[in-house]
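Take a look at the structure below.
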Amino acid sequence: MLIFLPKSFETKRCLATMMFRQVVGVASIIVKPTATGLLFSTFLTGLGFLLFMQFTMRLAREINSDNISRIAGLLMSGYATGQLIGLLISLFSVVIWRMLNPALLMAAIGLWIDNIVTILLSAINTK
């Protein structure tokens, strides 16, 4: 998918767009808890993860082309930490409320906040 995006697209804005798609994907299963909602959610969050991998490599090249693997590793570690925290929140959500909706809502809010921060940082760095 990223292969078709021109280099004129700013990587940070593309990352923000990808995160917004993940917000919509996570929230869609709360709004429509059916097989269709799950399919839509899976498509948006799965596509977002694949794009995140590609944008991470592109951002690593932009930050420091000499240490691409180290920078990409650091960026991916941050993303993986979020994934692990999400699993723990899901566990507590099921134990306390006996459902995943609170955890999904927290994930959507967290991604939305991260999306806003990414957009703001991108705006600051382009000035």
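Whether any residue in region 29-42 is modelled with pLDDT under 80, among the small types (Gly, Ala, Ser) and out of contact with any strand residue (DSSP E or B) (no Cβ under 8 Å at 6 or more places or on another chain) is what I want to check.
No, every residue in region 29-42 fails to be modelled with pLDDT under 80, among the small types (Gly, Ala, Ser) and out of contact with any strand residue (DSSP E or B) (no Cβ under 8 Å at 6 or more places or on another chain).
Only one residue in Gly73, Gly82 is small (Gly, Ala, Ser) and within 25 Å of Ile29 (Cβ to Cβ). Which one?
The unique qualifying residue is Gly82.
Here is a list of conditions, (1) under 24 Å from Leu121 (Cα atoms); (2) in contact with a helix residue (DSSP H, G or I) (Cβ under 8 Å, 6 or more places away or on another chain), and Leu50 meets all of them except one; can you say which number that is?
It fails just one condition, (2).
Where in region 1-117 are there helices (runs of 4 or more DSSP H), lying fully within it, with 1 or more residues that are surrounded by 14 or more Cβ atoms within 10 Å (Cβ to Cβ) and touching a Gly at 6+ places or on another chain (Cβ under 6 Å)?
Filter on region 1-117 gives 11-31, 35-63.
Kindly list, by first and then second residue, each pair from a residue in region 57-83 that is more than 20 Å from Glu10 (Cβ to Cβ) to a residue that is in a helix (DSSP H, G or I), limited to pairs with Cβ atoms under 7 Å and residues at least 6 apart or on different chains.
Met76/Thr56
The values are calculated or read from the model by the stated rules, or taken from the named source; none is laboratory data. Nothing here was measured: the structure is a model prediction, and the numbers come from that model. Note: ideal-geometry Cβ built from the backbone for every residue, glycine included; neighbour counts use all protein chains shown.
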